[in-house]
Amino acid sequence: MPAEPVVLTEELKKHFPSKAGTVKAVDGVNLDVQPGEIFGFLGPNGAGKTTTLRMLTTLIPPDSGKALVAGFDVAREPDKVRLNIGYVGQNGGSDRPAKGRENLILQGRLYGMSTADARQRADELIRLLDLTEFADRIVHTYSGGQRRRLDVAIGLVNRPKVLFLDEPTTGLDPQNRVNLWTQINKLQSEGATIFLTTHYLDEADALSDRLAIMDHGKIVAEGTPEELKREVAHDCVTIGVSDWKESVPKLVETLGERDFVLDVTQEEERLKLCVRDFAAALPQLMRLLDERGVKLESVELSKTNLDDVFLKKTGYSLRDLTPEG
Amino acid sequence: MKILTDTGLLFKRKMLETLRNPIFIIISMSTPIVYLVLFAPLLNKLVGVQGFNSGHVLNVFIPGLLVIVAFLSGLFVGFTMIDEVKNGVLERMRVTPTSRFALLAGRVLRDLVNMTVVVVFFALIAIPFGFHLNFFGFLVFLPLLGMMLITTSSFGNALGVILGDEDKLAPVVQGVNLPVILLSGMLLPMELAPVWLQVIAHFNPAYYCVVAGRLLAIGHIYQPKVLYAYLFMVPLTVITVAWATRTFRRAIS
C-alpha cells in the first residue's frame, strides 16, 4: 500500500518534569498509519499512548521530532490538522446537559458548517451510529454505551481523514464493547481510517489491521497481529507429569539442550514447552518422556496470543497489569 | 468572523443550559433577598453614623449588595468548568478549530446575562423597601458590575481548568471570597474601619465598585471615586481575560 500515510511520526518526543527527574513519556516514536486501516496502539497504562495521541491531535506540542497528520505538521499547522481529524478522548466529550443531536449540530457549526449542513450531517451520523432512539434526549440520561456511541459520532462530524479513539471501550460492559467494535468495523468499511489506543489485548487483536506495542515511551514492536504472533510464536504445549517435583526440573534441563526446543519453562507444577514445529517435536518429546519413565498426566496446547508477544517484547505480561483485560 | 460566530454558538449552548435549569438563577436571586430581609433591618439604627449619611440606609446597602452579586455570580463557575473538563468537553472542543477566546467568552457572556437579570430584578424589588435608584447613575454602575462579573467568571473558569478538581478549587475560591467581601465595605462602610484595613481595602476591586456604586445610586456620576473604579476595573478585566484565554489555549486537561 504505497499511498501517503495519514499519520507519520519521526522520533517524536515528549518529556515531563517530575519530582523524581524527567519522565520520558514519549521517547522517540516512529509510526505510520495508512489510509483505510485500523491502527491499534497497545500498551499498559502510563506507557505513553495518550501523550502520543495528544501530540497527534494538537492538544500538546511535541518537544522534538516530527509528526504529520493528514499531511500537515502538528507543530506548525495545528489549525489544518484540526480541520482534518476527529478525536474521541478517554472521557468522551459529549456535553451532558445538552441533547445528543444538539451536540452533533454544535460540533458541525464549530467546524464552520452552515446550520443546514450541520443538521444534515447530524442526521447522517445519527443513522450511521444507530442513535435515533435517544438522539433527542438529554445526554445525562444516556447509558454508558449510548454515550460512547454519541462521542464517536461527534468525532466524525467533520468527515475526518483519521479518527483518533483513546481507550474507546474502557468502562463499557462486555456487550457494549462488542457493539462498539462492530460500529468501528462498520466505519472502516465505509472508508474511515482509525487510530485507537487500548490496553486490552483482545481489543487490539480483534480490531487492528496493524498495531504497535508501546512501553515506557518507546515502540517495542510493530506489525499486523498475525506477524507479531508469528514472530514470537511457536506452538507451545503445557504438560503435567507424574512425580512433578522431581521430574519437571530434570526435564527442563534436558529439553533445554535439544535442538527442536525454542523455549522451556517451569510453570509451577507443569512444564511449558515452545517449539518451532509441533509435528516434528511431538514424537521426540514422547520418546524422551518414555525413556525417563515419566507418565503424562495432562496436555494443553496453547495458541500464541498478543500477551505472549507483549511478554517477549517487554519482559512482563500485560495481563498482570490489567486484570480486567 | 469565526471568533464571534464561535462565541455566539457557545453562548447559546450555555444559555440553553440555564434556561433548561432555571433553578440556578432562582438560587442566585434568593441570596440578595435573604440579605435584604434578614440583614438590612439591622442597619436601620445606623443612619447618621459615619458612612451612612446619605439618606436611606438601603442606598448604602443595596449598591454593595449588587457588587457582591456580580462578584459571586462569577467566582463559583469553576465548578461547572471542572465538570466539563472531566467529561472531556473542553478537550473535544480544543481539537476543533474553535476560537480559544470563544471557549471562554461564550461562558462568561452567559454568566453576564444571568447576573444582569439578577441585578436588575434586585434593584427593582428594593425600591418599594425605600431604595432610591437614580436611573442614569445605575446605567453607569452596570458596566462596573459587568466588569466585576467578567473578571471573576474568567478567573473562576481558568482556575477550574488549571486545578481540574473540585477539592482543590473549593479552598482557593473560598480563600478569595471572604476577604474580598469583608474588605469591600459591603456589609459595613469601610469608613468605620481602622486605617490598616482601609489601606488593604484599596487593593480590593470590589471596594472601588462598592464606593462608586453608592455614589451612582444617588446620581453622583461625575465623581473622582467613580473614575477610580473604572480606572481599576478596566485594566483588571483586560488582564484577567487575557490570562484566562491563555489558560484555555494551553490547557492540558
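The values are calculated or read from the model by the stated rules, or taken from the named source; none is laboratory data. All values derive from a computational prediction rather than experimental measurement. Quick reminder, even Gly has a Cβ in these numbers, built from the backbone with ideal geometry, and neighbours come from all protein chains shown.
Once region A:110-149 is narrowed to residues that are farther than 23 Å from A:Gln90 by Cβ and among the basic types (Lys, Arg), the residue that is surrounded by the most Cβ atoms within 10 Å (Cβ to Cβ) is A:Arg121. The number of residues in region B:5-56 that are exposed (fewer than 15 other Cβ atoms within 10 Å of the Cβ), in contact (Cβ under 8 Å) with a residue 60 or more places away in the chain and within 13 Å of another protein chain (Cβ to nearest Cβ) comes to 1. The criterion of at least 1 residues that are at negative phi, at pLDDT 80 or above and surrounded by fewer than 13 Cβ atoms within 10 Å (Cβ to Cβ) is met by the following helices (runs of 4 or more DSSP H) wholly inside region A:223-325: A:225-232, A:244-256, A:278-292.
Among the residues of region A:79-101, is any acidic (Asp, Glu) and more than 9 Å from chain B (Cβ to nearest Cβ)? No, region A:79-101 contains no residue that is acidic (Asp, Glu) and more than 9 Å from chain B (Cβ to nearest Cβ).
With respect to B:Ala212, determine if the residue is hydrophobic (A, V, I, L, M, F, W, C) and in contact with a Lys or Arg (Cβ under 8 Å, 6 or more places away or on another chain). Criteria met by B:Ala212.
Residues that are over 28 Å from B:Asp83 (Cα atoms) and in a loop (DSSP other than H, G, I, E, B) within region A:62-73 comprise A:Asp63, A:Ala70, A:Gly71, listed in sequence order.
Taking the stated definitions as given, is B:Leu145 in contact with a Gly (Cβ under 6 Å, 6 or more places away or on another chain) and under 26 Å from B:Arg107 (Cβ atoms)? For B:Leu145, the condition - in contact with a Gly (Cβ under 6 Å, 6 or more places away or on another chain) and under 26 Å from B:Arg107 (Cβ atoms) - is not met. Just to be sure before I move on: is A:Leu59 part of a strand (DSSP E or B) and crowded, with 18+ Cβ neighbours inside 10 Å in the structure I sent? The answer is no for A:Leu59.
Among the residues of region A:59-108, the one identified as in contact with a Phe, Trp or Tyr (Cβ under 9 Å, 6 or more places away or on another chain) and on the phi > 0 side of the Ramachandran plot is A:Gly93.
Whenever a residue of region A:136-150 is under 16 Å from A:Ile184 (Cβ atoms) and not assigned by TED's automatic domain parsing to the domain that holds A:Trp181, it has no partner that is in a helix (DSSP H, G or I) and of a type outside the set (Val, Ile, Thr) lying with C-beta atoms less than 6 angstrom away and at least six residues away or across chains. Scanning region A:87-119 for residues that are in a helix (DSSP H, G or I) and either among the basic types (Lys, Arg) or farther than 20 Å from B:Pro97 by Cα (or both) yields a count of 4.
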